[in-house]
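Structure first, then comments.
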Amino acid sequence: MALPSRTDTDGLPQPLKVSRRPDGFPDDAPRPCGLYVRSGLSLEIPPRSSVRSENKCMQACALFTPAPVDSNPLRCGDYPDPEPAACEVLVRVNACGVCRTDLHVTEGELEQRKSPIVPGHQVVGIVERCGPGATRFAPGARVGVPWLHHTDGVCPYCRSGRENLCEKAVFTGWMVDGGYAEYVAAHQDFVYALPESATDLHLAPLLCAGIIGFRTLRVSGIERGGALGMYGFGAAAHVAIQVARYWDIRVYAFTRDARHRSLAMDLGAQWAGDSFDEPPEKLDAAMIFAPAGELVIAALKVLKRGGTVALGGIHMSPIPPLDYDLLYHERVVRSVANNTRRDGEDFLKLAAEIPIHTEVQEFPLADANSALNALKHDAVRGAAVLRVR
Ligand SMILES: [Zn+2]
Ligand SMILES: [Zn+2]
């Protein structure tokens, strides 16, 4: 998919124009080089050196047609090396977090925007080289490549500090290839410089789960010393609880999975119960990370007057009809869509200050299908991360 281009000449920043073929590869990139389906655990992937020298290919896991993850729809194998376009950096991927959004992309709950697509938008890697005009990072810099790949920079949303709502936003691992690969190209202005403190594997989940959890905390309106519910206790909640505890917020965790309840208690939750249990006190705010619409009703039932239920996911099953009484007294239900770069920068700074520690379950790149399956079936404690090198 072509990046958004700007043609106006009213003195606004001028377009980032990137020419891509209809299949989404840069114009000068080679055609896909023989991806093959991975079945079982015994797949042999050719050594990278031989692949790159002969075909300019890298290893990647790509999706051609969305399907239930149980059918292992990602194909892992050779894929053309990305080429950094104007103002882009080519990042050598060390680790890539696995996000619930990747699951929605893979299973088609998010409309397919490019095929094949390499999912993955929580990339920690090293700048390998810079495209034309890219001067922000030098080769060798450790960077994070997030969900927000690009925005137009000129629309009313972008100009009012709400670039997360940009109608021309481009997203990594959905509209352009992401980090389930050895290399990814990313716009230099949307890439984060990373703190030195944590390892690649432990930093990766901060780049979406962490940032989105942080934005969800912000929009929930929770204040220091308040009572906060977290529905769904996966990657995002296990980071957000550490921020909440740092702010002296009492956290109540609601999850159907006993392992997740135990993780919540380990991380300082006041209480952990099943999704529809009643907590020992009414909540000032609630955050929902699980994609189940009925949780909105559950959260409203235990919310104080004037409280907010913030929905942190990009996809959710239909919300059942609700009695107006549940919403009355100025309760608010609101979604969280993407994040701004400011959210990311503020959060990464705070994460280093706290410091946040992520629980990570590691998978080799070629096992991306297994990682998605584990995520779907609540079998990940903390965050799943692909180790790429
Ligand atoms: Zn915009
Ligand atoms: Zn994500």
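Identify the GluC sites (Glu not before Pro) of the range 296-389 meeting these criteria: DSSP loop state and at most 15 other C-beta atoms within 10 Å of the C-beta. Walk me through the intermediate numbers first.
On the way: sites: GLU330, GLU345, GLU353, GLU359, GLU362; in loops: GLU330, GLU359.
Hits after loop and neighbour filter: GLU330.
Enumerate by residue number the chymotrypsin sites (Phe, Trp or Tyr not before Pro) in the range 314-389 meeting two conditions: DSSP loop (anything except H, G, I, E, B), and at most 14 other Cβ atoms within 10 Å of the site's Cβ. Display every interim value, and only then the final one.
Values: sites: TYR324, TYR328, PHE347; in loops: TYR328.
The qualifying sites are TYR328.
Do the sum for the chain: with -39,500 (n - 2.57) for every DSSP H run of n ≥ 4, divided by all residues, what is the mean residue ellipticity at 222 nm, to the nearest 500 deg cm²/dmol?
Working: 11 runs with 91 residues, N = 389.
Helix contribution divided over all residues of the chain: -6500 deg cm²/dmol.
Counting other C-beta atoms within 10 Å, and keeping those with at most 13, which DSSP coil GluC sites (Glu not before Pro) do you find in the range 151-183? Please list the in-between numbers first.
Values: sites: GLU163, GLU167, GLU182; in loops: GLU167, GLU182.
When the GluC sites (Glu not before Pro) of the range 151-183 are filtered for loop state and at most 13 Cβ neighbours within 10 Å, GLU167 remain.
Contour minus end-to-end for SER160 and ARG129, with contour as 0.36 nm per residue of separation and end-to-end as the Cα-Cα distance? Mind showing how you got there, number by number?
Values: separation 31, 0.36 × 31 = 11.16 nm, distance 3.26 nm.
So the chain would gain 7.9 nm between SER160 and ARG129.
How large is ³J(HN,Hα) for each residue in the range 350-356, as worked out from phi by the Karplus curve 6.51 cos²θ - 1.76 cosθ + 1.60 (θ = phi - 60°), to whole Hz, x for Gly and Pro?
5, 4, 6, 6, 4, x, 7
Between TYR324 and SER115, what FRET efficiency comes out of the Förster formula 1/(1 + (r/R0)^6) with R0 = 35 Å and r the beta carbon distance, rounded to 0.05? Please list the in-between numbers first.
Working: r = 44 Å, r/R0 = 1.24.
Efficiency for this residue pair is about 0.20.
So who's got an amide H within less than 5 Å of the one on ARG256, skipping anything under 5 residues away but keeping other chains? H placed 1.01 Å off N, in plane.
Amide H to amide H, under 5 Å and 5 or more residues apart or across chains, ARG256 pairs with SER275.
Step through the residues of the range 237-250 one at a time and calculate ³J(HN,Hα) from phi using the Karplus curve (6.51 cos²θ - 1.76 cosθ + 1.60, θ = phi - 60°), rounding each to whole Hz and writing x for Gly and Pro.
These are the phi-based 3J(HN,Hα) values: 5, 6, 8, 4, 5, 5, 5, 4, 5, 4, 8, 6, 9, 7 Hz.
As an exercise, use a Förster radius of 56 Å and the Cβ-Cβ distance of GLU223 and PHE64 to find the FRET efficiency, rounded to the nearest 0.05. It would help to have the intermediate numbers written out before the result.
Working: r = 47 Å, r/R0 = 0.84.
Here the calculated transfer efficiency is 0.75.
Between the range 282-306 and the range 78-153, what is the separation of their alpha carbon centroids in Å?
The two parts, judged by their Cα centres, are 34 Å apart.
Among ILE126, ILE356, ILE288, which comes first, second and so on when ranked by fewest other beta-carbon atoms within 10 Å?
Values: ILE126 18, ILE356 25, ILE288 29.
By the 10 Å Cβ count, ascending, the order reads ILE126, ILE356, ILE288.
Please check which bits of the range 352-373 a label hung off ALA193 would reach, taking the label as a point 7 Å along Cα-to-C-beta and the cut-off as backbone N under 18 Å.
Answer for the range 352-373: 352-353.
Which entries of LYS282/LYS376; LYS168/LYS301; LYS168/LYS282; LYS114/LYS304; LYS301/LYS349; LYS114/LYS301 have Cα-Cα distances beyond 32 Å here? All intermediate terms of the calculation are to be shown ahead of the outcome.
Working: LYS282/LYS376 30 Å; LYS168/LYS301 37 Å; LYS168/LYS282 40 Å; LYS114/LYS304 43 Å; LYS301/LYS349 35 Å; LYS114/LYS301 40 Å.
Listed pairs above 32 Å: LYS168/LYS301; LYS168/LYS282; LYS114/LYS304; LYS301/LYS349; LYS114/LYS301.
Determine ³J(HN,Hα), in whole Hz, for all residues of the range 331-346 in sequence, where each value follows from phi through the Karplus function 6.51 cos²θ - 1.76 cosθ + 1.60 and θ = phi - 60°; x replaces Gly and Pro.
6, 10, 10, 9, 8, 10, 10, 6, 7, 8, 5, 4, 3, x, 5, 4
Amide H neighbours of PHE363 under 5 Å, counting only residues 5+ apart in sequence or on other chains, H built in-plane at 1.01 Å?
For PHE363, the qualifying residues are VAL385, LEU386, ARG387.
Rule-based calculations on the coordinates, nothing more; no lab input. Just so it is clear, the model here is predicted, and its values are computed rather than measured. Here Cβ is always computed from backbone atoms with ideal geometry, including for glycine, and neighbour counts include all displayed protein chains.
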